[in-house]
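Working notes for the structure below.
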Amino acid sequence: MPHLSKDHLNQLFIVRALALAAFAVGLLYLAATTSDSNVITESTTALVVLATITAISAWYFREKQAITDLQLSQQIAVDILGWSFLMYLTGGANNPFISYLLVPVIISAAVLHQKFTAIMALAALLAYTLLLHYHLPFSPLSPAMSNTTMHGVMSNPHILGMWFNFAFSAALVVVVVSRMAYAMRKREQRAAELREASLRDEQIHAIATMAATTAHELGTPLNTLSLYADELKHLCNEKTDVKKILNAMEERLDECGRITRKLASRAEINNLGTQSSQLVEPWLDAVIAQWKNKRPEAQISLQADEPSLEASVKLDQTLAPAIENLLNNALEAGSEVIEVSLTCNNRDIHIAIRDYGSGIPPEILTQIGKTVIQDSVKGLGIGLMLTHATINKHGGSLLHHQPTDGGTLTTVILPREGC
């Protein structure tokens, strides 16, 4: 169920408190000008009960950061029931404050789904209708010569007009205001998503710039180390063991040089975004094989269903490192076995990576993909943010699930080509 900010509930409590305070002021005025002490006593008791319910509710929700639609609708229902009872004690539909029953409906339309607003509107309209016929007479707030019988109510154009006005206003709130509020919430949500994506893109651009700069800076010391290794080979020409070590060192230095040149090459970076259509099963098999060469200690298996053997996807060179990063996280979580499954339907391709490691802590799980995780361990920070960005760029999504038997199930969802 959707979660709302607790600010909405706090504002509802404030509105309720202001309404109760205004009603209390009205009671004080009536107490000074009327002799109907029984109604004053009963209404004061109802006010105290409602104020107590509000205080208890505020205390109950004091430490909650978010609330559900159902919890907020329950509090709005308390407003409708409480105000209806106050109206019952003070003249029912003859009381001019009966129109306040529309306020909970408006609040519901502003923050809740339309179905909850419709329920609140029906509840308020039902309460108004019942108060037309069932209420205690209270002459100070009733129109002159008011008649509370069924025939009297139905023949009083003023009372009927108020009822129809209330019903029309409630319907207008449900149909129009609720839709407008929903559209505004969706627009705000979209704007928040765009701001988040913009922030993430800025971080990725900063990382890319830093990587290119670092690659240039590493070029000179790597070349120097290669020269040193070559000189040491000549000096230790007769020592076979040392020469083997130096040869291995040169190979690693050459590999580092290729990586840094690839990072620093602007033409290479521009070509990374060029997408091509490939069969997903052989591509994924090649990615896993390449990763297995880098991490020979890993035990990994790939299972593909029959439909995925013919499925193709549009991808570029950045997707393979993203998959490798997910495999690295699974291995570094302490999993001895990694299971990769490939399935597809008419629209999507699913790549599920299942590990049996320590899992992802809940406090990190909520941050994944949104920003760089400052307290991340073993690649759960920048790597996962870049992975999320890469998969989103391909029109896909990345899901993380914590199975009950431990470990993590990470699912990459990509759009199937041609759908």
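All of the numbers you see were taken from the coordinates with simple rules; none came from a lab. Computed from a predicted structure; not experimentally measured. FYI the Cβ positions are ideal-geometry reconstructions off the backbone, even for glycines, and counts take in every protein chain you see.
Could you work out the local net charge near THR408, counting Lys and Arg as +1, Asp and Glu as -1, over the other residues with Cβ closer than 9 Å to its Cβ?
Local charge sum for THR408: 0.
Determine the distance separating the Cα centre of region 334-361 from the Cα centre of region 62-94; give it in Å without decimals.
47 Å
By the scheme Lys and Arg +1, Asp and Glu -1, what is the net charge of all other residues having a beta-carbon under 10 Å from that of ILE349?
-1
When a/c reaches 1.5 or more, the comparison of a/b and b/c decides; with that in mind, is region 54-114 rounded, prolate or oblate per its Cα gyration tensor?
oblate
Rounded, prolate or oblate: which fits region 3-155 when a ≥ b ≥ c are the square roots of the eigenvalues of the alpha-carbon gyration tensor, with rounded for a/c under 1.5 and prolate only if a/b beats b/c?
It comes out oblate by the Cα gyration axes.
Mind running the shape call on region 291-333? Use the C-alpha gyration tensor, a ≥ b ≥ c as the square roots of the eigenvalues: rounded below 1.5 for a/c, prolate if a/b tops b/c, oblate otherwise.
oblate
When LEU342, LEU409 are ordered from fewest to most other Cβ atoms inside 10 Å of their Cβ, what list results?
LEU409, LEU342
How would you rank 387-396, 249-258, 97-106, highest first, on the average number of other Cβ atoms within 10 Å across their residues?
In decreasing order of mean packing, 387-396, 249-258, 97-106 become 97-106, 387-396, 249-258.
Highest mean first, how do 171-177, 108-114, 219-225 rank when packing is the count of other Cβ atoms within 10 Å averaged over residues?
Final packing ranking: 108-114, 171-177, 219-225.
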